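A.B. asks: Pasting a structure here, questions to come.
The values are calculated or read from the model by the stated rules, or taken from the named source; none is laboratory data. This one's a predicted model, so the numbers in the text were calculated from it and none came from an experiment. Methodologically, a virtual Cβ is constructed for each residue, glycine included, from the backbone with ideal geometry; neighbour enumeration extends over all protein chains shown. Surface areas here come from the heavy atoms of the whole protein model, side chains and all, with no ligands, DNA or RNA. Shrake-Rupley method; radii C 1.70, N 1.55, O 1.52, S 1.80 Å.
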Amino acid sequence: MTAPRMSERRTSIISAFLVALGPVSMALYTPAMPELVHAFASTESAIKLTLSLYFAGFALSQLVSGTMSDVLGRRKTTLIFMAVYLAGSLMAAFAPTIEVLLAGRLVQGIGASVGMTVSRAIVRDQFTGTEAARIMNMVGMMLAIGPAVSPTLGGLALGLFGWQSIFFLMVGFALTACGAVYFCMTETTTPDPAKGHIGPILRGYRELATSSRFVSATLVMAGAVGALYGQATMLPFVLIDRVGLTPTQFGVGMLMQSGFFFAGTVVVRFLMRKMPPARIVFPGLCFIGIASILIAATSHLMEPTFLSVMGPVGIYAFGIAFVMPYMMTAAMEPFPHIAGSTSAAMGFIQMGSGFIAGLIAAAIGLPLFAFGTIIPAMGLMAILSYAWYRTICARDAQLLTEPAE
């Protein structure tokens, strides 16, 4: 077995920073959205489109950045996409019109996508088992902290220096990421230009699509993590329009979700010292199942309050922290030869499930009903997919122990 090229700590820090860049950039400027309407003499729908374009660029470009990291290497690909993210940040900071701002946000999303794919790929390149799960747990902590503090940081920058300063913060993030990758990150894979040809790319994705182990593990993540993306399109309407929170109260209230998720990552970090990561998944799915039942019951049977909505959401987020480390590792472990593409496919499916949930909610048109129906359905999908995954593992273990004929 090849010795890891970077220490577990260095890999954890670099992975956590890269993976947080995308969600942080999505949340950092949300306090400035009302001011941007006036600054560009635009409409709320046009400013909201800046979020949609960022999300679209971020989700779709994962498929490109993941494959590129297999072809060109992790370091070179990360530097290229961070340069794209830097260009998008500068476009947004100096945008003279709403059209340029929209283009800048799209470019930002494309550049930030590399963080999600490469962060997981460099872990798979070097670590498996409990070590990989510990790093993924650290990544989960950053995913909780980053988006939670971003609106506060953005609000302070907005109040002190104006809306452009928020995008200059993102310029600083881009330069920091470039410096960290250039000086601290060692190449963890052997670049293979042949993997950039359409044949190997299609064969790689076909291998993933036909792997029951990958599909089942990824669907667990799609139901768990995808629910966070999906409910983000529903909760503002439920809490502001039905419960009656102000936008500021809503922003503070969402800390409950991040707080429960962070608490879960801390508990998981302690539990992994006592037991293997695989044993932590089932309790996490129990939390998700309980939360799903509560969400369905409170949404359909009672008038919503802050606690009736966010209490179950917090329990769901707490459970996700138990599920993430092992299931992310389990999905990627069989595919070291296409780790970048595997990470990209997993991230795309997670975000895609959240996007589809948002589309279904928009089609339903009743935010509380949609929230009480779609999110529990995603929780059920995670639980059933894990049952499928365990069945596959048991079958494979039986095949290994059967004597050859």
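A.B. asks: Determine if the stretch 26-44 includes at least one residue that is on the phi > 0 side of the Ramachandran plot and surrounded by fewer than 18 Cβ atoms within 10 Å (Cβ to Cβ).
C.D. replies: yes
A.B. asks: Check Val64, Val118, Val123, Val139 and return the single one that is in contact with a Pro (Cβ under 9 Å, 6 or more places away or on another chain), of a type in the set (Val, Ile, Thr), assigned to a helix (DSSP H, G or I) and at negative phi.
C.D. replies: Exactly one residue qualifies, and that residue is Val139.
A.B. asks: I'm told Phe260 meets every condition in (1) hydrophobic (A, V, I, L, M, F, W, C); (2) over 30 Å from Gly379 (Cβ atoms); (3) open to solvent by 10 Å² or more (accessible area, probe 1.4 Å) except one. Can you identify the failing condition by its number?
C.D. replies: Condition (2) is where Phe260 drops out.
A.B. asks: Let me ask you something else. Please find, among Val71, Val84, the residue that is in contact with a Gly (Cβ under 6 Å, 6 or more places away or on another chain) and over 22 Å from Phe173 (Cα atoms).
C.D. replies: Val71
A.B. asks: Pick from Val243, Val225: which is touching a Pro at 6+ places or on another chain (Cβ under 8 Å), hydrophobic (A, V, I, L, M, F, W, C) and either open to solvent by less than 50 Å² (accessible area, probe 1.4 Å) or under 24 Å from Ala370 (Cα atoms) (or both)?
C.D. replies: Selected residue: Val243, the only one of Val243, Val225 that is touching a Pro at 6+ places or on another chain (Cβ under 8 Å), hydrophobic (A, V, I, L, M, F, W, C) and either open to solvent by less than 50 Å² (accessible area, probe 1.4 Å) or under 24 Å from Ala370 (Cα atoms) (or both).
A.B. asks: Filter the stretch 288-309 down to residues that are surrounded by fewer than 22 Cβ atoms within 10 Å (Cβ to Cβ) and within 22 Å of the chain's Cα centre (by Cα), then give me how many there are.
C.D. replies: Residues that pass the stated criteria total 1.
A.B. asks: Pick from the stretch 89-103 the residues that are open to solvent by 60 Å² or more (accessible area, probe 1.4 Å) and either touching a residue at least 24 places away in the same chain (Cβ under 8 Å) or assigned to a helix (DSSP H, G or I) (or both): which of them is nearest to Met170 (Cα to Cα)?
C.D. replies: Of everything passing the filter in the stretch 89-103, Leu90 is nearest to Met170 (Cα to Cα).
A.B. asks: Is it true that some residue in the stretch 34-51 is within 30 Å of Pro191 (Cα to Cα) and free of Cβ contacts under 8 Å to residues at least 60 places away in the same chain?
C.D. replies: no
A.B. asks: Do you know which of the residues in the stretch 53-66 that are farther than 27 Å from His197 by Cβ and open to solvent by 10 Å² or more (accessible area, probe 1.4 Å) is nearest to the chain's Cα centre (by Cα)?
C.D. replies: This residue is Phe55.
A.B. asks: From the list Met328, Met351, pick out the single residue that is closer than 20 Å to Gly66 by Cβ and touching a Phe, Trp or Tyr at 6+ places or on another chain (Cβ under 8 Å).
C.D. replies: Met351
A.B. asks: Output the residues belonging to the stretch 172-204 that are part of a helix (DSSP H, G or I), touching a residue at least 40 places away in the same chain (Cβ under 8 Å) and surrounded by 14 or more Cβ atoms within 10 Å (Cβ to Cβ).
C.D. replies: Phe173, Ala174, Ala177, Cys178, Ala180, Val181, Lys195, Gly196, Ile201, Gly204
A.B. asks: Return yes or no: is Leu160 farther than 20 Å from Ile14 by Cβ, open to solvent by 10 Å² or more (accessible area, probe 1.4 Å) and in contact with a helix residue (DSSP H, G or I) (Cβ under 8 Å, 6 or more places away or on another chain)?
C.D. replies: No; evaluated as a whole, the condition is false for this residue.
A.B. asks: If you don't mind, another one. With (1) open to solvent by 20 Å² or more (accessible area, probe 1.4 Å); (2) more than 20 Å from the chain's Cα centre (by Cα); (3) under 20 Å from Ala291 (Cα atoms); (4) in contact (Cβ under 8 Å) with a residue 40 or more places away in the chain as the list, and Ala387 as the residue in question, which single condition is left unmet?
C.D. replies: All conditions pass for Ala387, except number (4).
A.B. asks: I need the full set of residues from the stretch 104-133 which are under 15 Å from Val171 (Cα atoms) and surrounded by fewer than 19 Cβ atoms within 10 Å (Cβ to Cβ), in order please.
C.D. replies: None; the set is empty.
A.B. asks: Quick check on this structure: which one of Ile349, Ile360, Ile338, Ile375 is open to solvent by 50 Å² or more (accessible area, probe 1.4 Å) and over 14 Å from Ala217 (Cα atoms)?
C.D. replies: After applying the criteria, what remains is Ile360.
A.B. asks: Could you list, ordered by first residue, the pairs with Cβ atoms under 7 Å in which the first is in the stretch 67-79 and crowded, with 24+ Cβ neighbours inside 10 Å and the second is among the small types (Gly, Ala, Ser), at least 6 apart or interchain?
C.D. replies: Ser69/Ala121; Ser69/Gly340; Asp70/Gly340; Asp70/Ser341; Arg74/Ala121; Thr77/Ser65; Thr77/Ser69
A.B. asks: What number of residues within the stretch 106-133 satisfy the criterion of being over 17 Å from Ser341 (Cα atoms) and among the small types (Gly, Ala, Ser)?
C.D. replies: 4
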